[in-house]
Amino acid sequence: MDDVDRLVELMKEADYIVVLTGAGVSTESGLPDFRSPTSGLWQDESLMELLSTETLTSDPKRFFERTLPLLELLTEAQPNAAHRVLARWEERGLVKMLITQNIDSLHYEAGSRQLLEVHGQLRTASCSCGTVVSFSQLVAKVRKKEIPPRCACGTALRPDVVLFGDPMPASFGQAIGEVERSDLLLVVGSSLQVAPVAYLPNMARAMAIINLTPTVADGEAKVVLRGRAGEILSELDDRLTRG
Ligand code: NAD
């Protein structure tokens with residue numbers, strides 16, 4: 001029995017599978033992750049400072065002019081095999097909840113609805129008055145040099161993503177509850193280095209990891225499959241369907 005078969009067995013035995021994904025699940029859609037050795041966005045060390053509440057409030061011009069091209073790139077990608085397999089597994093009742101750190105909406109576009117986007121998403125932007133507009137409306141305002149882009153009430157709008165300096169959203173509390181309830185947590189495409197999401201695996205009763213490179217939690221996992229998420233999830237799906 002190889003490691004893929006071992007994971008198939010764990011998945012068949014589990015009653016409540018929760019999946020946690022990171023930027024690695026979207027690299028096969030052409031989006032750079034943060035920490036891949038040569039292509040990761042983290043090569044640009046100023047990004048953490050740029051993607052922060054501090055820059056958003058103190059220098060909105062720099063925030064919107066520098067981050068918008070990057071955020072727009074994320075909205076142009078299409079789901080890949082990994083997103084599609086995970087959406088199918090939800091449809092079949094195999095996966096009960098999908099927690100993602102990604103803001104690219106690709107799980108949503110692939111059809112996943114039992115979805116907790118704990119770092120936010122790029123479908124909408126909002127104002128502190130409660131008004132929600134589409135992300136493309138925010139982009140249109142910035143293109144017309146309305147910086148910061150404003151709500152009808154006059155207050156600045158911001159993208160609905162979690163920036164450095166922001167508190168975690170309520171969905172993160174739900175994510176903790178889901179991981180505690182699970183009997184198998186499947187982590188796909190995450191270096192598990194970004195807190196507080198990185199603490200979720202510690203709360204899981206059992207865990208499996210699918211990732212291209214080693215992660216800090218490999219030693220805690222029942223199975224570690226090293227490789228591309230799209231290929232491995234498709235192979236798992238084939239073997240699960242074959243029975
Ligand atoms: P990360 O960049 O820290 O780690 C990604 C991991 O995925 C790496 O270990 C890498 O080896 C692995 N990987 C790359 N391609 C893979 C593939 N095809 N198959 C399997 N594994 C692959 O990502 P993270 O842990 O999600 O943390 C990054 C943070 O940056 C998150 O908070 C996320 O919100 C944000 N981010 C999001 C996007 C996005 O929305 N697509 C992109 C970049 C960064």
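Read-outs: derived from the displayed coordinates by stated rules, not from any lab. The model shown is predicted, which means the values in this text are computed figures rather than measured ones. Don't worry about glycine lacking a Cβ; one is built from the backbone with ideal geometry, like all the others, and counts go over all protein chains shown.
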Query raised in the report: Between GLN193 and SER234, what is the label-to-label distance in nm when each label sits 7 Å out along the Cα-to-Cβ direction?
Result: 2.9
**Report entry** Helix-only mean residue ellipticity at 222 nm for the chain, each DSSP H run of n ≥ 4 adding -39500 (n - 2.57), per residue, nearest 500
**Finding:** -10500 deg cm²/dmol
Query raised in the report: Which ordering of SER112, SER126 is given by a fewest-first count of other beta-carbon atoms within 10 Å?
Result: SER126, SER112
Query raised in the report: For the chain, what's the relative contact order in percent, using C-alpha pairs closer than 8 Å and at least 6 residues apart?
Result: 25
**Report entry** Share of Cα-Cα pairs in the chain lying beyond 33 Å, as whole percent
**Finding:** 20
Requested in this report: Treat every Asp and Glu Cβ in the chain as -1 and every Lys and Arg Cβ as +1, leave all other atoms uncharged, and give the resulting dipole magnitude about the Cα centre to the nearest 20 debye.
Outcome: 740
Report summary line: The long-range amide H neighbours of THR21, using H built 1.01 Å from N in the peptide plane and a cut-off of under 5 Å, are ILE99, THR100, GLN101, VAL188
Query raised in the report: Do you know the Lys pair count in the chain for C-alpha distances under 16 Å, with sequence separation 8 or more or different chains?
Result: 5
**Report entry** Gain on full stretching of the segment that runs from GLU9 to THR131 - 0.36 nm per residue minus C-alpha separation
**Finding:** 39.2 nm
Report summary line: Candidates LEU184, LEU68, LEU116; GNM for the chain (alpha-carbon contacts under 10 Å) flags as most fluctuating LEU68
Query - CYS153 versus GLU54: modelled label distance in nm, points set 7 Å from Cα along the beta carbon direction - result: 2.8
